[in-house]
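Okay, so here's the structure we're looking at.
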2 protein chains.
Amino acid sequence: MTYCVGVLVDDGLAMLADTRTNAGLDNVSSYRKLRIMDVGPGRTMVVASAGSLSVTQAALTRLSDAMLLAEAEPADPPTETLRTAPTMFRAATLVGQALHAARAAVDEAVGGDKVSTGASLLFGGCIAGRRPRLFLVYSSGNFIECQPDTPYLQIGEHKYGKPILDRVVTWETTLEEAVKVALISFTSTMRSNLAVGLPIDLMQLRAGASEPELVHRITDDDAYYRELTERWSAAMRVATSAIPPPPYGEAGRQGVLV
Amino acid sequence: MTYCVGVLVDDGLAMLADTRTNAGLDNVSSYRKLRIMDVGPGRTMVVASAGSLSVTQAALTRLSDAMLLAEAEPADPPTETLRTAPTMFRAATLVGQALHAARAAVDEAVGGDKVSTGASLLFGGCIAGRRPRLFLVYSSGNFIECQPDTPYLQIGEHKYGKPILDRVVTWETTLEEAVKVALISFTSTMRSNLAVGLPIDLMQLRAGASEPELVHRITDDDAYYRELTERWSAAMRVATSAIPPPPYGEAGRQGVLV
């Protein structure tokens, strides 16, 4: 399993992903799922992946191979790649095509075997200092774009961490605050699902910048993340006890309902 | 969709269920999913249901028909029913058999149609003032029992509401507090999934008692539930802003990772 979240606020874009992969609980490994693509100066493109590792790795390799080949053997007219796509939308289209093709190839290979080849990606970034954009690319290659009304997108094990995002994050939330809330959504997810685990990779891209201001790995011994987890647990208990007890005892029993 | 939760603490047992059913978002209805079974004096048995309504309704009808028939036409030796089962474990076995049989009948009826017949039940109660017990009965009829280490069981849309239960409820939690936390888990679920909705049915059974001390329906205009929802939203925002911002900005950018 996996949990990845991207938060797109007025201030900028943050993307976070855990690093745990498993093929059953007895086969757990650590793989980077947040990748800063090498797309040349003046542009930032970041991918977070969930689902079949063979599919997502193949999709990313298709994208980076296409950039290599386009430069080694220029075509006429030139093949569009992540280095040359003029807009983030066009780049997301390339990512969708790569995921679709990678999944089709793996589907053909696995044939009738009952192997899950589902996969999804978060794709975010910006070109030439224009406003950052964030997309969720589905297995089939189609995608949706993050909008200010719900300024985040999640893939993987998304449910445990969704309530806090829904209640706290808005378009006006600062980028630091957005990262904090995303980390809270990670502690809720990790508390409830063992298949999501540290380290967490984090990327921050400020609106107006062309390059990430921060690419960071949060590991087991990270003092801030530990403190955040403990404070959040304590705050949940305090918030719960601050709410008065249910008054329904006074209503009494309303009869047997069969 | 559905969300049902049972909390079993030293103090007693609480069971809660929403009432929304849907066959697609364009076909939403309200059905009681928490049922106090009519099992005679000195015993309480309560069922909460999730999944295929045709399966869970058939399972419950099998159980109540069996009680009727055993009294109308006594067999020799007598057929065991929820009215005569000597322990909650034996009663849970009957519930499991009824669910298994109901599902098998519906499976045969739907044949190759792509209709989901999955269903699960929470089954709780007590006999003769003995300690309340709580079970989760799976579609196949097998079941697990709630234990003090994790003093709650959920069925249906369980993920959104799980983090708060995990962080706050222990075996020592009072029954009132357990109901409050269960209601908080409902607000988190309803905030994130439209297919879970008010009213919520609630049953409280105090340890040592033979009958529920409370059977109550929480409706749209319930002042306490509204206040709980608002206070919880506010507390989430306060708790979030009380945590200091992430310090990672100082770490700086760690290089491009392809």
Helix-only mean residue ellipticity at 222 nm for chain A, each DSSP H run of n ≥ 4 adding -39500 (n - 2.57), per residue, nearest 500 | -11500 deg cm²/dmol
Counting other chain Cβ atoms within 10 Å of each Cβ in A:197-209 and taking the mean gives 1
Expressed to one decimal in nm², the mean projection of the alpha carbon convex hull of the protein assembly as shown is 27.3 nm²
Where rotation carries A onto B, the chain A residue whose Cβ is nearest that axis, in whole Å = A:Lys159, 2
Sketch the reach of a paramagnetic label on B:Arg131 as a point 7 Å from Cα along Cα-to-Cβ, and name the residues of region B:142-176 whose backbone nitrogen lies under 18 Å away.
-> B:144-153, B:170-175
Given charges of +1 on the Cβ of Lys and Arg and -1 on the Cβ of Asp and Glu, with all other atoms neutral, how large is the dipole of the protein assembly as shown about its Cα centre, in debye to the nearest 20?
-> 160 debye
In whole angstrom, note down how far apart the Cα centers of region B:161-178 and region A:119-135 are.
-> 40 Å
Rounded to whole Hz and in sequence order, give me ³J(HN,Hα) for region A:134-139 from the Karplus expression 6.51 cos²θ - 1.76 cosθ + 1.60, θ = phi - 60°, writing x for Gly and Pro.
-> 9, 10, 10, 9, 7, 3
Copy-to-copy spacing for B:Asn22, label 7 Å out on the Cα-to-C-beta vector, in nm, shortest first?
-> 3.0
Copy-to-copy spacing for A:Leu68, label 7 Å out on the Cα-to-C-beta vector, in nm, shortest first?
-> 7.3
Stokes-Einstein translational diffusion, region A:105-199 - Kirkwood Rh over all Cα pairs, 1.567 mPa s, 4 °C, in µm²/s | 83 µm²/s
Which residues in region B:30-56 place their backbone N less than 14 Å from a point set 7 Å from the Cα of B:Asp220 along the Cα-to-Cβ direction?
-> B:30
Measuring label to label, 7 Å along Cα→Cβ, what does B:Asp221 give against each other copy in nm, shortest first?
-> 6.1
With +1 on each Lys and Arg Cβ and -1 on each Asp and Glu Cβ, how big is the dipole of chain B about its Cα centre, in debye rounded to the nearest 20?
-> 500 debye
With springs connecting C-alpha atoms under 10 Å apart, model chain B as a Gaussian network and identify which of B:Ser30, B:Ser139, B:Ser185 has the largest mean-square fluctuation.
-> B:Ser30
How many nm is it between the label spots at A:Ser30 and A:Phe89, if each spot is 7 Å from the Cα in line with the beta carbon?
-> 4.1 nm
Kindly express, to the nearest 10 degrees and within the range 0 to 90, the angle between helix B:88-110's C-alpha long axis and the longest C-alpha principal axis of chain B.
-> 90 degrees
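Computed from the coordinates by the stated procedures, all read-outs in this text should not be read as laboratory data. The structure displayed is predicted, hence computed values, not measured ones. Because the Cβ atoms are built from the backbone with ideal geometry, glycine has one as well, and the counts that use them run over all protein chains shown.
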